[in-house]
Amino acid sequence: MSLTTESSTNFWLTRPFSERSTQIFLGVLLAALALVTILHVVVPPSNPLHVGAYTVNLFGKYLSYALLAVAVDLVWGYLGILSLGHGAFFAIGGYAMGMYLMRQIGERGTYGHPVLPDFMVFLNWDSLPWYWLGFDMAWFAFAMVLIAPGLLALVFGFLAFRSRVTGVYLSIITQALTFALMLAFFRNEMGFGGNNGLTDFRELLGYNLRSNDTRLGLFLATGVALGLGYILCRAIVTSKLGRVSIATRDAEARTRFLGYRVERFQLFVFVVSAMLAGLAGALYVPQVGIINPSEFSPIFSIEIVLWVALGGRATLYGAVIGAILVNYAKTIFTGVMPDAWLFALGAMFVLVTVFLPKGVAGLFHYLKRRKRDDTANNDPNADPTSKEASA
Amino acid sequence: MSLLHSLTQRDRVFDFMAPQASPVDVRHGPILYMEDVTVSFDGFKAINNLNLTIDDGELRCIIGPNGAGKTTMMDIITGKTRPTSGSVWFGSRHNLLNMNEPDIASLGIGRKFQKPTVFEALSVFENLELAMAADKRIFPTLTARMTGEIKDRIDEVLETIGLTALRHQPAGILSHGQKQWLEIGMLLMQRPRLLLVDEPVAGMTEQEMERTAELLTGLAGKQSVVVVEHDMGFVRSIARQVTVLHQGSVLAEGSMDQVSNDPKVIEVYLGADDEEVA
């Protein structure tokens, strides 16, 4: 880490590309995207290796969860802010996308109203609420996917960090935030479809959401978004700002005495993380075909933290591994024995905490170090400084 | 009026016009000037009519029994505690009572805490990098690059504090004494005009103490250093000028010999100390 610090003379956004871990991550991600695409498109459905549209869709969902986990790891792993409300930013990004998709339905809804979504007609509303205006334009809706969660994080974070609320208190407030939003979104008067949320989507940018090609496209787009989000987060954590974040995490008062306005750094990282979570939500919604207030539920936000803890905190790639592993396990478990899922999740969490306190990523580190120690022991001519320098 | 003043100060409007050196006015001699400072916590006067003047480039030791108000005094200077009354000036231009902690830090007052706090997850090199005087706003920090100049400065400080060989090690593995030196190094990276050092040799071995004495006396002259210390042997080895605090105000001031022969001091501090020893 320190070696890269001393040689970090290049532009901050391109710095991750010279890191070995990022190269491996991007390589694996690209290979996985290519493999799924080939198995889906080239291999005929009769072949057992064929990946069906359902599975592609499922993988796309995992990837959007992985992006969400990366966003949480950025604030939890590197800034020390345990957010138990990141589901709120995910859901708001999802709602922004959902509103665009609703407006795209147009006259094809059950009630055939040219402008109003079905649930508004059902509620006897005669015009769109002001905050639905503009969502028929893709550029506006896509901008809102980032702006709306970012704005919420900005206001919330400004108040919290300015008052120096940190630690467990901040966790509780974030939890309260998502719970309050859930209750609000359940209400029909809010104009977001209440209990049922937004659903019955048809098209995204003119592509039919039910066609296999669109599903593959969404899967690939999510993969690309994950890659870009990962690079952005790596660029942040390898910058001097990232080191200030780690310093804040470990000794906040000390960082303040060095002359850093800690609350602004916290706010900046928190807002970036919220926007990434919003993007993840926006990619998630067209793939699952629905967004409803259950995404705001406190349990979901806690689950995200479990993914990160399971994969390994403060590594970013660990968050990706954790999100995919847990959700894959969830898919299998809820299919085979639905009642046992929560027990399995609990057991996984306990086992990882006891045996792999640094998560799955910690296991990689351990294996890597053992391998290096072995080679160093077996090879008497090995450069003795290399071990010390990279320790 | 102050608005007009701030508008006409062009070096404040255009960052590039700001002088590189800290704009502290020490033409009149003192770099720190505390007058009639009183702090009371619920009626208890931790600091009581304290008057203290530190000259530019001076190395000053402050001693006093527990509860004499040494740490509270540091808290006032760094902006952590607001006095109930009195005035605190840095040079003859900056009223410290109108400033917050980061402003005071960037003005050139560095503080070393009693308990060494370094960033354990970061390497020795990175600890110094973060401490360096630089543009500490968000975007300049995000886009900051490592330049040869910065590296040279860090290498220089690593040399001064004797941690060159450990530069890549995480600060968490350093010994207690090494952490203290790293923290002094972090203060030096800020190019402070005034260094406040709280009990630098607590828990150090004899050898480490000697090394610390060398380090601190080497710094005096280039910057003003205020050391709060309990260890009388250590104070004797570095002090030119000693201030004795007692119950929140100055009891005596002068060279170590003068102070240790002062009957009032013997009574409240040194005497008590001797009795304890005996």
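Okay, residues lined up against (1) within 22 Å of B:Leu50 (Cβ to Cβ); (2) crowded, with 21+ Cβ neighbours inside 10 Å; (3) more than 10 Å from every other protein chain (Cβ to nearest Cβ); (4) at pLDDT 85 or above:
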position	(1), (2), (3), (4)
B:Ile76	yes, yes, yes, yes
B:Met99	yes, no, yes, no
B:Gln114	yes, no, yes, no
B:Val118	no, yes, no, yes
Flag for A:Met120 being surrounded by fewer than 24 Cβ atoms within 10 Å (Cβ to Cβ) and within 29 Å of the chain's Cα centre (by Cα): no
Exactly one of these conditions fails for B:Pro65: (1) crowded, with 22+ Cβ neighbours inside 10 Å; (2) away from every other protein chain (no Cβ under 14 Å). Give me its number. (1)
Does B:Glu149 satisfy the criteria of being outside any loop (DSSP other than H, G, I, E, B) and either within 30 Å of B:Leu96 (Cβ to Cβ) or among the β-branched types (Val, Ile, Thr) (or both)? no
Residue check for A:Leu232: at pLDDT 90 or above, within 15 Å of the chain's Cα centre (by Cα) and buried (at least 24 other Cβ atoms within 10 Å of the Cβ): no
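Could you check region A:348-390 and list, in sequence order, the residues that are part of a loop (DSSP other than H, G, I, E, B) and at pLDDT 60 or above? Outline the logic, then answer.
Keep residues of region A:348-390 that are part of a loop (DSSP other than H, G, I, E, B), which gives A:356-358, A:379-383.
Once the filter is applied, which keeps residues that are part of a loop (DSSP other than H, G, I, E, B) and at pLDDT 60 or above, region A:348-390 yields A:Leu356, A:Pro357, A:Lys358.
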Touching a Leu at 6+ places or on another chain (Cβ under 6 Å) and in contact (Cβ under 8 Å) with a residue 12 or more places away in the chain: which single residue out of A:Phe161, A:Phe179, A:Phe135 fits that description? A:Phe161
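Anything in region B:120-131 that is within 9 Å of another protein chain (Cβ to nearest Cβ) and in a helix (DSSP H, G or I)? List them, or say none.
The first filter runs over region B:120-131 and keeps only residues within 9 Å of another protein chain (Cβ to nearest Cβ), leaving B:120-127, B:129-131.
Within region B:120-131, B:Val124, B:Phe125, B:Glu126, B:Asn127, B:Glu129, B:Leu130, B:Ala131 qualify.
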When residues of region B:96-135 are filtered for being among the charged types (D, E, K, R) and out of contact with any Ser or Thr (no Cβ under 7 Å at 6 or more places or on another chain), how many remain? 5
All but one of (1) under 30 Å from B:Gln178 (Cβ atoms); (2) buried (at least 22 other Cβ atoms within 10 Å of the Cβ); (3) away from chain A (no Cβ under 14 Å); (4) more than 12 Å from the chain's Cα centre (by Cα) hold for B:Ile54, so report the exception by its number. (4)
Can you tell me which residue is nearest to the other protein chains (Cβ to nearest Cβ) among those in region B:83-93 that are under 17 Å from the mean Cα position of the chain (by Cα) and not aliphatic (A, V, I, L, M)? B:Phe90
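Please go through region A:128-179 and give me each residue that is of a type in the set (Gly, Ala, Ser), closer than 22 Å to A:Met97 by Cβ and assigned to a helix (DSSP H, G or I), ordered by number.
Residues satisfying the conditions are A:Ala138, A:Ala141, A:Ala143, A:Ala148, A:Gly150, A:Ala153.
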Looking at this structure, is A:Ser21 outside any helix (DSSP H, G or I), small (Gly, Ala, Ser) and away from chain B (no Cβ under 14 Å)? no
Scan region A:174-203 for residues that are of a type in the set (A, V, I, L, M, F, W, C) and buried (at least 19 other Cβ atoms within 10 Å of the Cβ) and report the count. 7
Of all residues in region A:182-212 being touching a residue at least 60 places away in the same chain (Cβ under 8 Å) and at positive phi, which is nearest to the chain's Cα centre (by Cα)? A:Gly197
What is the residue count in region A:261-274 for residues that are facing another protein chain (nearest Cβ under 7 Å) and either part of a helix (DSSP H, G or I) or over 15 Å from B:Gly79 (Cα atoms) (or both)? 3
Mind checking which pairs have a first residue in region B:240-254 that is more than 15 Å from B:Glu267 (Cβ to Cβ) and a second that is of a type in the set (Lys, Arg) and at pLDDT below 85, Cβ under 8 Å, 6 or more apart or different chains? B:Gly248/B:Lys45
Within region A:237-260, the residues that are in contact (Cβ under 8 Å) with a residue 60 or more places away in the chain, surrounded by fewer than 23 Cβ atoms within 10 Å (Cβ to Cβ) and at the interface with chain B (Cβ under 7 Å from one of its Cβ atoms) are A:Ser239, A:Asp250
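Results for (1) at the interface with chain A (Cβ under 9 Å from one of its Cβ atoms); (2) in contact (Cβ under 8 Å) with a residue 12 or more places away in the chain; (3) farther than 17 Å from A:Ala247 by Cβ; (4) not in a helix (DSSP H, G or I), shown as yes or no for each residue.
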| position | (1), (2), (3), (4) |
| --- | --- |
| B:Ala105 | yes, yes, no, no |
| B:Ala133 | yes, yes, no, yes |
| B:Thr141 | yes, no, no, no |
| B:Asp155 | no, no, yes, no |
| B:Ala165 | no, no, yes, no |
Among the candidates A:Gly60, A:Gly98, single out the residue that is in contact with a Lys or Arg (Cβ under 9 Å, 6 or more places away or on another chain), part of a helix (DSSP H, G or I) and away from chain B (no Cβ under 14 Å). A:Gly60
Within region A:107-120, the count of residues that are out of contact with any strand residue (DSSP E or B) (no Cβ under 9 Å at 6 or more places or on another chain) and in a helix (DSSP H, G or I) comes to 4
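The values are calculated or read from the model by the stated rules, or taken from the named source; none is laboratory data. None of these values were measured; they are calculated from a predicted model. Cβ coordinates were reconstructed from backbone atoms using ideal geometry, including for glycine residues, and neighbour counts include every protein chain displayed.
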